[in-house]
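Below you'll find the structure, written out as structure tokens, and then a few comments.
The values are calculated or read from the model by the stated rules, or taken from the named source; none is laboratory data. Everything quoted here is computed from the prediction, not taken from an experiment. With ideal geometry, Cβ positions are generated from the backbone for all residues, glycine too; neighbour counts draw on all protein chains shown.
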């Protein structure tokens, strides 16, 4: 499916603020970027670089006063996600080197603390895809989705305690429980077609059967129409903006439409 996507951000600051953005999708697995543009008002130089996960980042020094940035892209992506209930668990010695980091606990995913829960939730499942699927279904049925209930410091352990959160929290919990079972899992940030309410979205991928599979605990069924902006261990690696100073976000508008 061909999607027009955009993210418009308006900031206000009293001084210049160095910032790093992650707002440009790249061609890759299940997506091809037909057109990509970044507009700044007032015009501000942009320097792009790949981070350690090969995400495309934009370095911008936000000027004082009012500043607007808009990322637009036309992207051809799949309208489905692959499902394979027979994709098996891969023992650690057989995993590719670049996947190993996604087995470890990280800032928001305390996977060393929840092995007992993960084992309980996946009892009777074949090791691999079926375990991840069971984890997603449990999160979807047990955690309440509600805006304003968590913040940038909320971890998977916090979500387990409160049983409430938003997409990043559902994702952190899914990643945590997968890693507790020695299943590599990574966070994905991007766009999702027909998301309600529309916003930038987060989900995760698990490495089973020798490849990455998409999982989204906020959705009852597998859903395509996804455009990836960034991959990482957790939200600390995939933030759409990181400020090194004080810039206030005044408005954010996200659009995803069929072309």
So residue 27 ticks every box in (1) surrounded by fewer than 11 Cβ atoms within 10 Å (Cβ to Cβ); (2) without any contact (Cβ under 8 Å) to a residue 24 or more places away in the chain but one. Which box is left unticked?
(1)
Every residue in the range 124-137 that is surrounded by 22 or more Cβ atoms within 10 Å (Cβ to Cβ) and in contact with a helix residue (DSSP H, G or I) (Cβ under 8 Å, 6 or more places away or on another chain), please.
131, 132, 135, 136
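Residue 2: touching a residue at least 60 places away in the same chain (Cβ under 8 Å), exposed (fewer than 15 other Cβ atoms within 10 Å of the Cβ) and touching a strand residue (DSSP E or B) at 6+ places or on another chain (Cβ under 6 Å), yes or no?
Numbers: touching a residue at least 60 places away in the same chain (Cβ under 8 Å): yes; exposed (fewer than 15 other Cβ atoms within 10 Å of the Cβ): yes; touching a strand residue (DSSP E or B) at 6+ places or on another chain (Cβ under 6 Å): yes.
Taking the combined requirement at face value, the residue satisfies it.
Please determine, by comparing only the residues of the range 51-72 that are within 17 Å of residue 31 (Cβ to Cβ) and within 18 Å of the chain's Cα centre (by Cα), which one is surrounded by the most Cβ atoms within 10 Å (Cβ to Cβ).
Restricting attention to the range 51-72, the residues satisfying the condition of being within 17 Å of residue 31 (Cβ to Cβ) are 53-56, 71-72.
Within this subset, residues satisfying the condition of being within 18 Å of the chain's Cα centre (by Cα) are 53-56, 71.
Working: 53: 16, 54: 10, 55: 19, 56: 18, 71: 22.
This residue is 71.
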Look through the range 146-172, keep the residues that are touching a helix residue (DSSP H, G or I) at 6+ places or on another chain (Cβ under 7 Å) and touching a residue at least 40 places away in the same chain (Cβ under 8 Å), and return whichever of them is surrounded by the most Cβ atoms within 10 Å (Cβ to Cβ).
172
Keeping to the range 12-33, report how many residues are under 21 Å from residue 49 (Cβ atoms) and assigned to a strand (DSSP E or B).
8
Residue among 143, 175 that alone is more than 20 Å from residue 103 (Cβ to Cβ), touching a strand residue (DSSP E or B) at 6+ places or on another chain (Cβ under 9 Å) and surrounded by 19 or more Cβ atoms within 10 Å (Cβ to Cβ):
143
Condition (residue is at pLDDT below 95 and surrounded by 15 or more Cβ atoms within 10 Å (Cβ to Cβ)) applied to the range 73-81: is it met by at least one residue?
no
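Between 100, 121, 117, which is touching a residue at least 40 places away in the same chain (Cβ under 8 Å), surrounded by fewer than 13 Cβ atoms within 10 Å (Cβ to Cβ) and in the same structural domain as residue 190 (by TED's automatic domain parsing)? If you could, list the steps in order and put the result at the bottom.
Working: 121 fails: surrounded by fewer than 13 Cβ atoms within 10 Å (Cβ to Cβ); 117 fails: surrounded by fewer than 13 Cβ atoms within 10 Å (Cβ to Cβ).
Result of the check over 100, 121, 117: 100.
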